[in-house]
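The values are calculated or read from the model by the stated rules, or taken from the named source; none is laboratory data. Keep in mind the model is a prediction, meaning the values are calculated, not measured. Using ideal geometry, Cβ is built from the backbone for each residue, glycine included, and neighbour counts are taken over all protein chains shown.
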Amino acid sequence: MGKTTIAGTLARALSRSGHDVLALDCDANPMLGISLGLGAERTEELVSAREGLESGDTPHQPTAAGMEETFGTDAPDGVRLVVAARVEQVEPGCMCCGVSPHQLLRDMEGESRMVVGDLEAGTGTLMRMPQGGANLALVITQPTAKAMQVARHALEAAKQRAIPAVLIANRVRTDADVELIRTTMGPQVGIPMAILAVPEDAAVAQADQDGLAPADVAPESPAVLAVQRLGQSVSEFAGAR
Ligand SMILES: Nc1ncnc2c1ncn2[C@@H]1O[C@H](COP(=O)(O)OP(=O)(O)OP(=O)(O)O)[C@@H](O)[C@H]1O
Ligand SMILES: [Mg+2]
């Protein structure tokens, strides 16, 4: 649906506009590095470090700083990428397992950094978050019945946790697509929300196919420009808090 693509592009846009950005990959299949423009090889190295936790080759990192160091790397535009995907064997008290990113977020509280998390599909990670566990949820949907159903659950989960949410209509082709999402989802969710549209964009799909970042190979393409505007909205939201 575009979570990883949008998260990577957004993290870079926010960093370029002056924010100190940590991109947090919380997906069991961590691919955020690709969308950030880190390349397939370096992205795979980070995956191996996580896998090393299970095999015992990588020592557990009980602090946010240790985790950032061991499972992180510098990505383009000054973004710091950290892979916090779930591992199967959870040790008690070990936050590096990334069972819920809120553990890491809690440890980072008070820092001025902006964290852009790429969560797993569905609502699992959000459901494990505590009240107010994030400042903003970007719920990404597409104009299809299935995607809208999942997004509705995600918006509901955010609302229950007092996390403000913005709905992003990705891969839209026409105004009618956005309107469909607005009319289908607005009343059911029952919260006044902004809907931001990101158009279907062949250059973005091509970048992904090539394992490259849209921000590098198609910086002026309509979807990348739309995500930049999203970044401005996120910036304003953060500034107003
Ligand atoms: N606006 C867009 N225009 C064209 N293609 C897009 C757009 N957004 C995403 N895609 C394509 O859709 C596919 C899925 O995108 P992406 O990997 O970002 O989704 P995801 O939500 O992270 O998926 P997953 O749930 O598997 O993690 C990719 O091939 C990507 O290039
Ligand atoms: Mg993804």
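Does Asp175 count as of a type in the set (Asp, Glu), within 16 Å of ligand 2 (Cβ to nearest atom) and modelled with pLDDT of 90 or more? Here the answer is no, as Asp175 does not meet what is asked. Looking only at the stretch 1-38, residues that are closer than 14 Å to Ala213 by Cβ, more than 16 Å from ligand 1 (Cβ to nearest atom) and surrounded by fewer than 23 Cβ atoms within 10 Å (Cβ to Cβ) come to 1 in all. Among the residues of the stretch 133-152, those identified as more than 11 Å from ligand 1 (Cβ to nearest atom) and within 17 Å of the chain's Cα centre (by Cα) are Gly133, Ala134, Asn135, Leu136, Ala137, Leu138, Val139, Ala151.
All of (1) in contact with a Leu (Cβ under 9 Å, 6 or more places away or on another chain); (2) within 24 Å of Ala40 (Cα to Cα); (3) among the aliphatic types (A, V, I, L, M) hold for Val204 with one exception: (1). Out of all the residues in the stretch 148-165, which are farther than 18 Å from Leu230 by Cβ and either of a type outside the set (Asp, Glu) or not in a helix (DSSP H, G or I) (or both)? Met148, Gln149, Val150, Arg152, His153, Ala157, Lys159, Gln160, Arg161, Ala162, listed by residue number.
Taking each residue of the stretch 110-134 that is more than 12 Å from His153 (Cα to Cα) and looking for partners that are modelled with pLDDT of 90 or more and among the small types (Gly, Ala, Ser) with beta-carbon atoms closer than 7 Å, six or more apart or interchain, yields Val116/Ala7; Val116/Ala11; Val116/Ala23; Asp118/Ala7; Gln131/Ala162; Gly132/Ala162.
Between Ser112, Ser55, the distinction of being out of contact with any helix residue (DSSP H, G or I) (no Cβ under 7 Å at 6 or more places or on another chain), surrounded by fewer than 16 Cβ atoms within 10 Å (Cβ to Cβ) and under 29 Å from Asp216 (Cα atoms) belongs to Ser112 only.
Where in the stretch 167-241 are the helices (runs of 4 or more DSSP H), entirely inside, with at least 3 residues that are out of contact with any His (no Cβ under 8 Å at 6 or more places or on another chain) and more than 10 Å from ligand 1 (Cβ to nearest atom)? Working first, answer last.
Working: elements: 175-189, 202-209, 214-217, 222-240.
Result: 175-189, 214-217, 222-240.
Could you look through the stretch 115-133, keep only residues that are of a type outside the set (Val, Ile, Thr) and at pLDDT 90 or above, and pick out the one that is surrounded by the most Cβ atoms within 10 Å (Cβ to Cβ)?
Per the stated criteria, the residue is Asp118.
Among the residues of the stretch 117-147, the ones that are in a loop (DSSP other than H, G, I, E, B), closer than 19 Å to Ser233 by Cβ and β-branched (Val, Ile, Thr) come to 0 in all.
With respect to the conditions (1) of a type in the set (Val, Ile, Thr); (2) crowded, with 18+ Cβ neighbours inside 10 Å; (3) free of Cβ contacts under 8 Å to residues at least 40 places away in the same chain, Ile140 falls short on a single one, namely (3).
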